[in-house]
Structures are given as structure tokens and as C-alpha cells.
1. Does at least one position in region 170-185 carry a residue that is surrounded by fewer than 18 Cβ atoms within 10 Å (Cβ to Cβ), within 29 Å of Asp18 (Cα to Cα) and at pLDDT 95 or above?
2. Among the listed residues Arg108, Arg95, which satisfies the condition of being within 12 Å of the ligand (Cβ to nearest atom), free of Cβ contacts under 8 Å to residues at least 60 places away in the same chain and either touching a strand residue (DSSP E or B) at 6+ places or on another chain (Cβ under 9 Å) or among the acidic types (Asp, Glu) (or both)?
3. Taking the conditions exactly as written (assigned to a loop (DSSP other than H, G, I, E, B), touching a Leu at 6+ places or on another chain (Cβ under 8 Å) and either open to solvent by 20 Å² or more (accessible area, probe 1.4 Å) or within 16 Å of the ligand (Cβ to nearest atom) (or both)), does Ile208 satisfy them or not?
4. Applying the selection to region 182-202, what residues are assigned to a helix (DSSP H, G or I), among the hydrophobic types (A, V, I, L, M, F, W, C) and away from the ligand (no atom under 14 Å from the Cβ)?
5. Among Ala106, Ala114, Ala155, Ala137, which is buried (at least 20 other Cβ atoms within 10 Å of the Cβ) and either of a type in the set (A, V, I, L, M, F, W, C) or touching a helix residue (DSSP H, G or I) at 6+ places or on another chain (Cβ under 8 Å) (or both)?
Amino acid sequence: MLIAGNWKMFKGPVEAGDFCRALRDAALPDDVDVVVAPPYVSLAPAVQALAGTEIGVFAQNCHWEGEGAFTGEVSAPMLHELGVYGAIVGHSERRQLFGETDATVAQRCRAALAGGLNVIACVGETLEQREAGETDAVLRRQVSVLEADDNLVIAYEPIWAIGTGKTATPALAQQAHETIKSLLDLPVLYGGSVKPDNAAELLAQPAIDGALVGGASLDVESFAAICRCGSRS
Ligand code: 13P
């Protein structure tokens, strides 16, 4: 079970350090892997505050080249050098707002893995695609560019459930996760309005191997509560 907090563009360096020190002291279950994904500028204080703990720090993206003329980008070797443990790639906000495609997501994923990072690769359909009966085709297309790897997990994040308070029902999420697993036999996290009060039900589904949490990961108590929902003990 993996619970990951995607902070998106929230928490600068000072707040990130404070949050991570509080998280370090929070009661987290031993049988749940916990990671946080702060913005780039807050990675160093997060790594520092969580040093010596089991809590990993992820970046929210990663470029496919090691270095070069790519203004605004950060590479896997740079993240690795900083002590960052992994990277999210292909988040729907990157795809929808910043022109990421299946091809660039695949390149980023491959480079991050090759650079020694763990990867959470995100997939998911829009409301329009779901209503048009295209969910399976979209998932198939997005997953088809990825290759199985011991250090790769997929996150299923239906776009209509992100930041909307509209969670996929556990049954609907289970179905999408089964589709993804039939294409690539990897752990699959669910993301989209996961909160302390719906996490247990979602995480109880057999094909749901964890959660990628946005808004509810920004508060230590609510994030820790979601982590506790993932415990089997
Ligand atoms: P919310 O939990 O805020 O809906 O965000 C989900 C998400 O996009 C995590 O990557």
C-alpha cells in the first residue's frame, strides 16, 4: 500500500520543512509506504526534514534529458543528487495545461526510471470521454506507452474527480484499475478527491493499491488519517 501526497503548487520551502517535521512526528502505520511530492523549490527542505525516515520525497515531474537547453525543466540525475526518491509523471494538469502528451510522458517516465527514481505515472479520462464511453480506450492509449518496471506504479486519476469533491465510486475505480492491470501488471493508485472519510472504502478494493492525494494531503492530520486508512493491521 502506497499513499502519496501531491502538493501541486502549494507550500514553499519554509512551509514544506514545517509540514515534513510534523509528518515525521505523526502516527503513521508501519505497513503503508508514504511519500510526499512538494514543488521543486521545496524538495530540499523536505528531503532534509525527512532524512532517516521511511517517508520518501517525490518531484512532480522530471525531464527526459540529463541536462541541456531546456529552460524551466529539471532532470532525473539532478533530483537523484538532491536525495529525491521518485517523480510523478503525466499528471492530468501537466497533460491539460502544459501540453504533455503520451509520448512526452513515456519519455519522462523512462528517463526517471533510468536515473534511479521511482515513478508514479498518471492516467485518467475526462468527463466527456467517460460519458462518450471512451474510458477504456483512453486508458489503453495512455498505458500502452509505458513499460512494466519494478519501480513504476500507475495512478488512475479520473479528471472529473480531481479537486471536485466527486470521488469515483469504489466499484467504478475498481473496474478502471482492473482494466489498467490487465494492460500492465503493476500496482495502481487511485486519485481524485480522496479524503479521510472515503479513503478506507476505496483502499479496501482489491485492485486499489494506494492513493494519490491532492487537497487532503496538504494538512498533516488529514494526510496521516488517510495513511492510517491504508493499513491492513
Ligand atoms: P485532489 O485529491 O485534490 O482531488 O487531487 C487529486 C490529484 O490530482 C492528485 O494528484
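1. Taking every residue of region 170-185 in turn, none turns out to be surrounded by fewer than 18 Cβ atoms within 10 Å (Cβ to Cβ), within 29 Å of Asp18 (Cα to Cα) and at pLDDT 95 or above.
2. Numbers: Arg108 fails: within 12 Å of the ligand (Cβ to nearest atom).
Just one listed residue meets the conditions, Arg95.
3. On the way: assigned to a loop (DSSP other than H, G, I, E, B): yes; touching a Leu at 6+ places or on another chain (Cβ under 8 Å): yes; either open to solvent by 20 Å² or more (accessible area, probe 1.4 Å) or within 16 Å of the ligand (Cβ to nearest atom) (or both): yes.
Judged against the criteria, Ile208 is a match.
4. Passing the criteria: Leu183, Ala200.
5. Values: Ala106 fails: buried (at least 20 other Cβ atoms within 10 Å of the Cβ); Ala114 fails: buried (at least 20 other Cβ atoms within 10 Å of the Cβ); Ala137 fails: buried (at least 20 other Cβ atoms within 10 Å of the Cβ).
On inspection, the qualifying residue turns out to be Ala155.
The values are calculated or read from the model by the stated rules, or taken from the named source; none is laboratory data. Here the structure is a predicted model, which means the values were calculated and not measured. Using ideal geometry, Cβ is built from the backbone for each residue, glycine included, and neighbour counts are taken over all protein chains shown. To get the accessible areas, we keep the full protein, side chains included, count just its heavy atoms, and leave off ligands, DNA and RNA. Shrake-Rupley method; radii C 1.70, N 1.55, O 1.52, S 1.80 Å.
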